[in-house]
Amino acid sequence: MRSSDLDSAEAQHSKLAATGDDPRDESRRARYRLDLEARLRHPGYTSSPGFPEGSIDDILALSDPPFFTACPNPYLRELISRHGTPYDELTDTYARAPFSADVTEGKHHAVYKSYSYHTKVPHQAIMRYILHYTDPGDIVLDGFCGTGMTGVAAQMCAFPDASCGGEAVRWGARRAVLCDLSPLATFVSYAYNAPLPVARYEAAVAHLLSAADQKVGWMYHTQPPKLGGHVVSASYFVWSQVFLCPACGCELAFWDVAVSAESGEVSSAFTCSGCGAQLTKARCPEAFSTSYDHAVGGPVAMVKSVPVWVHQGRKPNNFHYAPTAYDLNVLRRVEQADAPWWYPKDRVPPGDESNRNERIGLTHAHHFFTRRNLLAFSCCWELAAELPYDDRRFLLFTLLSTNRRVSVRTAWHPLRFGQASMSGTLYVPSVSVENNLLDLLRTKARQVKGALRASPFSAGDVVVSTGSCAQLDLPDNCIDYIFIDPPFGQNLQYSELNFLLESWLRVRTSDREEAVINKTQGKSLGDYRNLMERCLSEMYRVLKPGRWITVEFHNSHNAVWHALQEAIARAGFIVADVRVLDKKQMSFKQITASGAVKRDLVISAYKPRPGLERRIRAAAGSELGVWELVESHLSALPVGALDSTSSGKVEVTAERQDCLLYDRMVAFYVQRGLAVPLSAATFYDGLRARFPMRDGMCFLPEQAVRYDALRLTCDAARDDLLPVVDEQSALRWLRLRLTAAPSTYRDLHAPFLRACSGWRHDEGKRELRELLEENFVCRGEEWTIPDPGQARDVAAMRERRLLREFREVTAKRGPIRGPLRREAIRAGFRKAWADADYETIIAVADRLPAELLMDDESLMLYYDQAQSRTGRL
């Protein structure tokens, strides 16, 4: 964009923002649209990170500036200038402890059920966090907004709900900035956060259904044998893929040979009706049919499917039957009918998930619909597109919400009202359901009306942007709280999963900025970590100092969990609390930083205040800065809470344990390129001399008083909440046990073995006796925590052993193979960093197994900083 053009656009923007009329006034909306169009016409604007794929006209048609743009939103600053509170370091008095109460997530609210998405946090759960961390009028950010539940939660805070907060909660609406790479996600988010009056929605739905019924209603007509020739609308049709017998080549409809419609059983083995051969589906190749595809402009071979069942009515007056001559005639008419309405013909992009259907011929967007549902959906889409914007967006929202029930991805399931759909995948079942789209729309419209009635807020307090949250058009230090549910590695490929519906919107995700692990895109775990770091660094920039970010995270791979932890730390945040979502109990339970596999986690982290960092830099090399950092960090940690599932025992706050406090201190210094002033032994001595210890945890004096009062009401802290997966977590487990009471080897042995059941396969196993002898002292037959005078000698001796083992391991040539003693590698890297021997860190790291290195937050921290110091990063 030329400077003169940019100045003109900015001047127009300032003029728009300065006007005091209603932002939703039609004349002002028109001016915003003209302003957005002017920006889109300049190439410099369309080069923004995460700018979606689509024409300018299609992006404009989808957008409603300034509240929602299907591209990076240039009007975000308006919300800040109108409603934000400037940050002032000298007068800021904000103080909150991390949210540490149990949370129950309700998934049956009308708002939650009206639109299904790959991952979705109920707004009631998010409300608990927003109410805790913010005050009315504060501004909340969600950089991975999905369907916009953070915005809904922010606005719902205006309506007191006893289930979401106690007497201390300050009720009142908050405002929100929502961002996502996916145009589908942001379009749905805007619909949720700018609701339409129910009466207006009902009128628009009635108009669409009446017009659609006249045009395509006949396509769903059937003539049930039981009704004596009377014509009615079918509820759904069942289709079966056809396979070939490898013995005789006979075509076999999977439904006919393997499915019992009455019992719902699907046989893993079946008999060929032609030759009697015993078969399984895995042994049989699919049958294909070739036809001319006018949309593609050539012949297309697709897996063959045939209609096998018709279902009409609802329980208890429903019935089903095999397709009749009438049904087959309707299908022939559908196949011969013209397609007067537009529908997407986009080629399915290559991808780890989208490639799965290439072999069965589903290569384009329209291939994922039966001919009947493709025509019906395109007819309804065109009817909706003819209406004014607000009516149109809610009708399109309703159409899109049928996505799990309207494509060939809907599986037949006799125990789930005849069908089921799989989320998070593009899998196409062998037996699929073709629903009556008009019936689906009637059902969905009732759900959407319920959501509208449950959303009594007006538009204007939430702004939505489409693009990468690695570059937000927001000033520094302007956001009061951040809640995110980010992508988690390779679990879900969002851009591929959203491709079908975004093809209908005509604006698609640009996957270049997508934070995923994807072989087709060439993105590794390291790429995922770097992309997440960029996004989190931008969030760090816009968040006010002393404020909080909550990260909800789901993954079954420990390496991804560690990559996210590292990205959070490298962005500058300091983690204060990590909790695991116990799905069985529906509550959050605290865990340590390791052993997070196969759990849903909630991470609470904060942005340190600028004065603290300035003072630490000024005191570089002095231990005074260390203790100020520790004191500041302890003040941000939860004091303690009763665990509701452990007979009234107090929870362990893992972040208060000495080893984790040391890790946080080291990370803070290394990430900022500072020398670590204290060794572990000296740090532990100083910690015990300066701060009171309780149950193996460190407190500020005033916190210790509160913890003591809590301990009078309950038993000792739980140690079974600490997973033991490596030497570091084993030592935490032992410290907690021995702090509570000295124990003999015999008393410790059995519980220790049980706790170690999840020990990492790439971590050298440590015997209990070795750990006791290296880290604790024995008095008589009982092992106990060393007293302050002994602790320094014990720690120093252990460090010497670890360094000796590090030298032995690294002295060998070639790759360093596991299982390894990670504590020895960490000790070696600590020593090399203290000596500014960055080449040793890099050389050893390059010889370690890649998975081990990426999976260890501490090792990666030293490795990345060493590369940065030597100019290699």
(Q) Could you give me D for the range 693-792, from Stokes-Einstein at 20 °C and 1.002 mPa s, where the hydrodynamic radius is the Kirkwood radius over C-alpha pairs? Units µm² s⁻¹, please. (A) 146
(Q) Tell me the angle of helix 788-811 to the major Cα principal axis of the chain, expressed in degrees between 0 and 90 and rounded to the nearest ten. (A) 60
Q. Round to a whole number: what % of the accessible area of the range 601-640 belongs to carbon and sulfur, probe 1.4 Å?
A. 53
Q: Could you tell me what percent of the accessible area of the range 453-550 is made up of carbon and sulfur, with a 1.4 Å probe and every protein chain present?
A: 43
Q) Looking at the chain, what % of its DSSP beta bridges pair antiparallel, to the nearest 5? A) 80
Q: Please tell me the relative contact order of the chain in percent, rounded to the nearest whole number, where contacts are Cα pairs under 8 Å and at least six residues apart.
A: 12
Q. Looking only at Cα atoms, what is the convex hull volume of the range 319-461 per residue, in Å³?
A. 170
Q: Counting other Cβ atoms within 10 Å, keep those with at most 11, restrict to DSSP loop, and tell me which chymotrypsin sites (Phe, Trp or Tyr not before Pro) in the range 650-750 are left.
A: none
Q. Which residue, chosen from Pro786, Leu731, Ile825, occupies the Cα position most advanced towards the positive end of the dipole of the range 730-873, where the dipole is computed from +1 (Lys, Arg) and -1 (Asp, Glu) charges on Cβ about the Cα centre?
A. Ile825
**Q.** Normalised convex hull volume, the range 264-382, alpha-carbon set, Å³ per residue
**A.** 185
Q: Just the number, please: Stokes-Einstein D of the range 744-873 in µm²/s, Kirkwood Rh from C-alpha pairs, 25 °C, 0.890 mPa s.
A: 149
Q. Normalized C-alpha radius of gyration of the range 810-873, against 2.2 N^0.38 Å?
A. 1.01
Q: Two decimals is fine: what is log10 I(q)/I(0) at q = 0.20 Å⁻¹ for the range 165-322, from a Debye sum with one equal scatterer on every Cα and no solvent?
A: -1.22
Q: Keeping all protein chains in place, calculate the accessible area per residue for the chain (probe 1.4 angstrom), answer in Å².
A: 40
Q | Sites excluded, GluC sites (Glu not before Pro) in DSSP loops with at most 14 other C-beta within 10 Å, longest stretch of the chain | A | 387-766
Q | Full-stretch length increase - Arg41, Thr85 - with 0.36 nm per residue and alpha-carbon distance subtracted | A | 12.5 nm
**Q.** Projected-area mean, the range 447-516, by convex hull of Cα positions, square nanometres
**A.** 7.4
Q) For labels at Thr271 and Ser55 in the simple 7 Å Cα→Cβ model, what's the distance in nm? A) 5.9
Q: Just tell me which aspartates and glutamates come within less than 14 Å, Cα to Cα, of Lys215; anything on the same chain fewer than 8 places away is out.
A: Asp338, Glu382
(Q) Suppose R0 equals 22 Å. What FRET efficiency, 1/(1 + (r/R0)^6) with r the Cβ-Cβ distance, do Glu26 and Ala203 give to the nearest 0.05? (A) 0.70
Q: When you have a sec, figure out the Kirkwood radius of the chain from all distinct Cα pair distances and drop it here in Å to one decimal?
A: 30.3
**Q.** Of the trypsin sites (Lys or Arg not before Pro) in the range 157-201, those whose Cβ has at most 14 other Cβ within 10 Å and which sit in DSSP loop
**A.** Arg170
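The values are calculated or read from the model by the stated rules, or taken from the named source; none is laboratory data. Note that the structure is predicted; figures quoted are calculated from it, not measured. Cβ: placed from backbone, ideal geometry, glycine included. Neighbour counts: every protein chain shown. Side chains included, ligands, DNA and RNA excluded: accessible areas come from the protein's heavy atoms. Shrake-Rupley method; radii C 1.70, N 1.55, O 1.52, S 1.80 Å.
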